[in-house]
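Participant: The following block contains the structure, expressed as structure tokens.
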Amino acid sequence: MDSTNENEVLRNRLNEEIRRERELKAEFEQAKLAYEAQRDLVYRIRNSLTAVHQFPAEILSEIFCAYMDITRDTPLAQLLPTHVCSTWRKAAIDNTPRFWTALYISLGREPTFRHHPAMMADWLERSGSLPIEVRVDSPREKQPLYSTKDLSKFPVEITQVVARFSPRIRALSFRAYPKNVLPLLILPEDSFPILEELDLSLYLNTFSFRTLRYHLLGYGLPQGFPTLRSTNVNLSAVTKCDLGGTSDPPNDVFTILSRCTSLVECIISFSSQCSTVLSNRGPLVLSNLRALTLRCTDERKLLDIDPLSAFSAPALESLCLEFGYLGGSSRANLAPSLIDFQERSKCSITHLFLIRAHEMSNKDLMAIMDTLGASLRSLAVIAKKITPKNVLQKLACKRNKQTALPHLELLRFSCSLRSQLTLSPSALLDMVEGRWSDEGRRRFGVVSRLNKVQMVKLVPKLFSRKLRNILDDEEMAWMNEDDFSAASDSDLNVDFDRDGLSGSGSGLDEEDPRGDTTEEEPDEIWMMSDMTAKDKKRLDMLKSEGFEFAEETSFY
């Protein structure tokens with residue numbers, strides 16, 4: 001046999017063996033599948049003989065419901081029993097609608113399919129027609145909520161799903177930013193006919209409120225959506241809010257405030273573009289409000305808006321009126337508005353801060369002190385028209401004269417370059433000594449000791465560059481560089497801590513977005529240059545006993 005024929009025979013045999021190999025492999029796969037099917041059948045028959053599978057569907061349903069009751073604080077806890085076996089899954093999904101009446105979602109930074117809105121809809125549909133409880137928590141972080149772009153709308157989409165089942169919601173709990181619960185906030189008032197428990201905890205900050213109002217004014221929403229004003233939104237859990245940087249009409253601001261019945265601390269800022277039309281409305285009483293800050297470009301703008309006439313606050317303790325660095329040129333008298341507010345509210349204001357109220361006159365301030373003086377413990381007045389001499393004369397303790405502000409513990413007042421010439425160090429020390437010693441306080445009917453006095457030297461910004469050239473190195477060291485390009489941000493700082501009211505005059509905590517900082521006190525007090533040796537000795541004696549005297553510079 002030649003080599004050609006031999007190769008041909010080998011090729012034919014190879015093909016035959018390959019065919020046989022494939023046949024054996026196919027038979028093996030079929031046998032394997034048959035074996036696995038037989039094994040599963042044996043498992044099912046064996047499992048059917050166990051006690052768990054002998055339970056009637058009704059008993060399994062009761063077990064599942066008992067499990068649900070003890071795992072209410074575990075997100076999506078109902079998913080676990082459905083993965084035990086097909087019998088349990090069928091019993092849970094088809095025979096136990098009560099098992100799906102509680103939904104608790106806690107969104108992390110990376111949601112999974114378990115958080116998908118479509119799955120949430122299936123979940124609630126399994127509850128049939130039973131009342132349901134919904135609880136959704138969103139993370140509160142400064143960074144973007146989700147790193148995956150496709151998942152960025154998860155919170156809103158989940159809220160949209162929940163809104164579809166509003167007629168059956170018995171208990172609702174949401175902890176999220178307002179924009180994430182917007183589909184619920186814009187529902188008509190009769191959307192929750194059986195609602196019994198509501199826990200709506202919104203993460204409220206300047207950005208959140210600004211975004212919420214922006215959408216509710218009609219921008220970016222589909223036609224036909226009602227606004228927040230036409231709904232009955234419950235914001236009773238909100239205790240702090242910052243309505244800052246807004247040009248929205250004041251009516252929208254007070255519509256939001258009317259729903260914050262538990263509000264304790266609030267900041268409201270009105271921009272120069274803010275509407276000055278405040279419609280007539282029923283009396284708004286913020287019964288729990290303790291600290292209020294109103295910010296506006298100037299006094300005239302605030303008087304035109306007249307927000308203090310829109311509400312009363314019987315528990316108010318801290319009131320701060322803060323104005324822009326460029327005040328208005330028209331005459332503005334804040335005293336009547338403040339006095340009317342205090343008389344209507346019948347509140348005992350203990351902390352009053354008038355910051356950059358440069359249109360306020362001495363007469364206006366005296367009227368305010370006469371009305372609010374019975375309860376004031378701290379007073380800050382930064383105003384270029386106020387004469388320190390008049391303030392000290394008002395506070396001086398004299399015989400046959402009723403003492404003003406008997407509870408005063410902190411005084412902060414401004415002093416312009418002109419009024420500095422008439423400011424007598426002796427008058428300041430006389431006033432302090434009358435309110436410092438126990439004997440003097442008993443003699444003049446002073447209740448509290450005056451612990452601290454802060455003086456703010458007001459300098460026109462136009463001359464700040466010149467002043468910079470003549471200031472000595474020691475004073476330059478404690479002044480902030482930013483003070484030469486913009487006014488000081490420390491105008492609101494009072495270094496005062498009473499009943500949780502600290503830092504800024506608003507009474508709000510470290511979340512205040514202004515980020516005010518306190519300037520360092522200079523080693524040499526500029527007023528001491530006009531003091532006699534006797535006056536310096538008197539001041540040193542007071543300071544050795546705990547009295548504090550501080551100075552700083554602010555530009556206007």
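The values are calculated or read from the model by the stated rules, or taken from the named source; none is laboratory data. For clarity, every value in this text was computed on a predicted model and none was experimentally measured. FYI the Cβ positions are ideal-geometry reconstructions off the backbone, even for glycines, and counts take in every protein chain you see.
Participant: Can you find, within the stretch 426-451, the residue that is farthest from the chain's Cα centre (by Cα) among those that are within 13 Å of PHE549 (Cβ to Cβ) and crowded, with 19+ Cβ neighbours inside 10 Å?
Facilitator: That would be LEU429.
Participant: Examine the stretch 385-393 for a residue that is in contact with a strand residue (DSSP E or B) (Cβ under 6 Å, 6 or more places away or on another chain) and closer than 15 Å to ALA332 by Cβ, and state whether such a residue exists.
Facilitator: Narrowing the stretch 385-393 to residues in contact with a strand residue (DSSP E or B) (Cβ under 6 Å, 6 or more places away or on another chain): 388, 391.
From the residues that got through so far, the ones that are closer than 15 Å to ALA332 by Cβ too are none.
No.
Participant: Being without any contact (Cβ under 8 Å) to a residue 60 or more places away in the chain and within 60 Å of the chain's Cα centre (by Cα): is that true of GLU23 here?
Facilitator: Numbers: without any contact (Cβ under 8 Å) to a residue 60 or more places away in the chain: yes; within 60 Å of the chain's Cα centre (by Cα): no.
In short, no.
Participant: Could you tell me whether SER348 is among the small types (Gly, Ala, Ser), more than 17 Å from VAL285 (Cα to Cα) and surrounded by fewer than 22 Cβ atoms within 10 Å (Cβ to Cβ)?
Facilitator: Judged against the criteria, SER348 is not a match.
Participant: Give just the number: which of (1) surrounded by fewer than 18 Cβ atoms within 10 Å (Cβ to Cβ); (2) under 25 Å from VAL253 (Cβ atoms) does MET360 not satisfy?
Facilitator: Evaluating MET360 over (1) surrounded by fewer than 18 Cβ atoms within 10 Å (Cβ to Cβ); (2) under 25 Å from VAL253 (Cβ atoms) leaves (1) as the failure.
Participant: Follow-up question, since we're still on this one. Scan ALA51, ALA31, ALA66 and give me the residue that is over 16 Å from ARG126 (Cα atoms), modelled with pLDDT of 85 or more and over 47 Å from the mean Cα position of the chain (by Cα).
Facilitator: From the options ALA51, ALA31, ALA66, the qualifying one is ALA31.
Participant: Report yes if some residue within the stretch 410-425 is in contact with a Phe, Trp or Tyr (Cβ under 6 Å, 6 or more places away or on another chain) and within 19 Å of ALA335 (Cα to Cα); otherwise report no.
Facilitator: No.
Participant: How many residues are in a helix (DSSP H, G or I) and either among the charged types (D, E, K, R) or over 18 Å from THR293 (Cα atoms) (or both) if we restrict to the stretch 337-383?
Facilitator: Count: 12.
Participant: Could I ask something else about it? Which of the helices (runs of 4 or more DSSP H) contained wholly in the stretch 35-106 include at least 2 residues that are in contact with a Pro (Cβ under 7 Å, 6 or more places away or on another chain)?
Facilitator: The helices (runs of 4 or more DSSP H) meeting that bar are 57-70, 86-95.
Participant: Which one of LEU410, LEU372, LEU405, LEU352 is in the same structural domain as GLN454 (by TED's automatic domain parsing), in contact with a Gly (Cβ under 6 Å, 6 or more places away or on another chain), of a type outside the set (Asp, Glu) and under 30 Å from GLU439 (Cβ atoms)? Outline the logic, then answer.
Facilitator: On the way: LEU410 fails: in contact with a Gly (Cβ under 6 Å, 6 or more places away or on another chain); LEU372 fails: in contact with a Gly (Cβ under 6 Å, 6 or more places away or on another chain); LEU352 fails: in contact with a Gly (Cβ under 6 Å, 6 or more places away or on another chain).
Within the list LEU410, LEU372, LEU405, LEU352, the selection yields LEU405.
Participant: Then there is this: Cβ-Cβ distance below 7 Å, separation of 6 or more or different chains: which pairs start in the stretch 519-543 with a residue that is among the acidic types (Asp, Glu) and end on one that is in a helix (DSSP H, G or I) and at pLDDT below 60?
Facilitator: Listed pairs, sorted by first residue: GLU519/TRP478; GLU520/TRP478; GLU521/TRP478; ASP523/GLU474; GLU524/GLU474.
Participant: Among residues belonging to the stretch 109-161 that are modelled with pLDDT under 75, among the basic types (Lys, Arg) and touching a Leu at 6+ places or on another chain (Cβ under 8 Å), point out the one that is surrounded by the most Cβ atoms within 10 Å (Cβ to Cβ).
Facilitator: Filtering the stretch 109-161 for residues that are modelled with pLDDT under 75, among the basic types (Lys, Arg) and touching a Leu at 6+ places or on another chain (Cβ under 8 Å), the one surrounded by the most Cβ atoms within 10 Å (Cβ to Cβ) comes out as ARG109.
Participant: Restricting attention to the stretch 413-455, report how many residues are aromatic (Phe, Trp, Tyr) and free of Cβ contacts under 8 Å to residues at least 60 places away in the same chain.
Facilitator: Here the count works out to 2.
Participant: Which residues, counting only those in the stretch 387-443, are of a type in the set (A, V, I, L, M) and part of a loop (DSSP other than H, G, I, E, B)?
Facilitator: Within the stretch 387-443, ALA396, ALA404, LEU405, LEU408, LEU417, LEU423 meet the criteria.
Participant: What number of residues within the stretch 537-556 are assigned to a strand (DSSP E or B) and under 14 Å from LEU450 (Cα atoms)?
Facilitator: Total satisfying the criteria: 3.
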